[in-house]
Amino acid sequence: MEVQENISLKSFNTFGIDVRAKQFARFNTVDELHQLLEFSQPQTSNSKPQTLILGGGSNILFTKDFDGLVLKNELLGIKEIKEDEHHVYVQAGAGVNWHHFVRHCIHNGWAGVENLSLIPGNVGASPMQNIGAYGVEIKDVFFSLEAFHLHDKKTVHFSLNDCEFGYRESVFKKKFRNEFVITHVTYRLNRIPEYNTSYGAIQQELEQMGAKELSIQAISQAVINIRSSKLPDPAIIGNAGSFFKNPEIPSSQYSMLRSQFPGIIGYPLPNGHVKLAAGWLIEQAGWKGFRKGDAGCHTKQALVLVNYGQATGREIYDLSEEILRSVKKKFGVGLEREVNIV
Ligand code: FAD
Ligand code: EPU
């Protein structure tokens, strides 16, 4: 366990932004985390956080050097902790790569996460972000988690209700922001799959693949194919997935917008609101494929902002600001950033 000084974070964030951390360390056990926290400056709820927990860096935009200690979570291990007639309860260390976990589940015939195939990042951020794709969110398979409190230096147990999951939201993004390090997550997976193929192009992709029977393997492959066709691979073009959330608006506002913009894409929600496709709004506002220097808006998916090489975090952020303003002006709809800005 070593604390390094003045380290470039370029290879630790999928945007590939070249900022530096004052201090940087990795931890493999909760004990190591505990010891490392002794190094960091004390945090109070009012003061600027001086410790940043980093997973795969796939949902972060660094806009400046980090003047504190970056702790890279490398808690590994996947184990089956209990099972009953219908479910298998599987615990994973927060540092396990998410897609590796999905593959492990599929290999063992545990269903529930196949629609979440190929999402970058680690297990630890999955409940923090309530990651979601193709009709499934983490909350649907979440059972519990353990998190280490940065001040109290104690492990706290969180149940499904404690996490207050919402669309790309949890207590860890809101009221407990920067207070906990998620160390282990337990998922409740199905022994008998409940296939979810209703979302987007999954059904169509399965047909194209010639999949004769539904299986978690086939769904996973269909999701991988769809994702690979439109989302940029961060190993080639820097990005952090969707930069903004899809906004929710009242249905009355949606009706008004639809009369003005008949092509607008909206999905009715159980609460009577409508979720708009932000990618469509951004494309219609003229941003798809836009590039200024090395900061850009992806050519195939306007919701994804990209770094073609040397863009700074500030340049990406400024582009997001311009997009926000123009979407607001054209449609009267405010977008909210999904990516964590540091
Ligand atoms: P990081 O980027 O390292 O961290 C994200 C935030 O969580 C930071 O605030 C960090 O401090 C905090 N954090 C990380 N680990 C911990 C921990 N152990 N304890 C406490 N806080 C922690 N997301 C989706 O939901 N659906 C998608 O379909 C999707 N597609 C994507 C496609 C691409 C190409 C990319 C690049 C990203 C995509 N994302 C998607 C976003 C991203 O993959 C997820 O948000 C992922 O969960 C981030 O994981 P990470 O380990 O990289 O988190
Ligand atoms: N669209 C456009 N133009 C674009 C982009 C999209 O018109 O440039 C339209 C599409 O044609 C489609 C609709 O918008 O009709 C929705 O697009 P898509 O299916 O690609 O999904 P999304 O709403 O843009 C969301 C998530 C993704 C997740 C996919 C699949 C958010 C913010 N994003 O994207 O998650 O993978 O659905 O479930 O909810 C992420 O969070 O980082 C992420 C990639």
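The values are calculated or read from the model by the stated rules, or taken from the named source; none is laboratory data. Keep in mind the model is a prediction, meaning the values are calculated, not measured. Every residue, glycine among them, receives a Cβ derived from its backbone with ideal geometry; neighbour counts consider all protein chains shown. In case anyone asks, the SASA skips ligands and DNA or RNA and just uses the protein heavy atoms, side chains included. Shrake-Rupley method; radii C 1.70, N 1.55, O 1.52, S 1.80 Å.
Key figures for this structure:
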quantity	calculated
Filter pass, residue 106 being outside the structural domain of residue 183 (by TED's automatic domain parsing) and of a type in the set (A, V, I, L, M)	no
Hits in segment 290-342 - residues which are open to solvent by less than 60 Å² (accessible area, probe 1.4 Å) and hydroxyl-bearing (Ser, Thr, Tyr)	317, 320, 326
Sole residue being among the basic types (Lys, Arg), within 22 Å of residue 232 (Cβ to Cβ) and not in a loop (DSSP other than H, G, I, E, B), chosen from 314, 325	314
Filtered residues of segment 76-127 (kept if open to solvent by 60 Å² or more (accessible area, probe 1.4 Å) and within 13 Å of ligand 1 (Cβ to nearest atom))	76, 97, 100, 118, 120
Cβ-Cβ under 7 Å pairs, at least 6 apart or on other chains, segment 162-176 side under 8 Å from residue 129 (Cα atoms), far side in a loop (DSSP other than H, G, I, E, B) and within 11 Å of ligand 1 (Cβ to nearest atom)	168/130; 168/245; 168/338; 169/130; 170/130
Candidates 133, 147, 111, filtered to the one that is under 26 Å from residue 233 (Cβ atoms) and small (Gly, Ala, Ser)	133
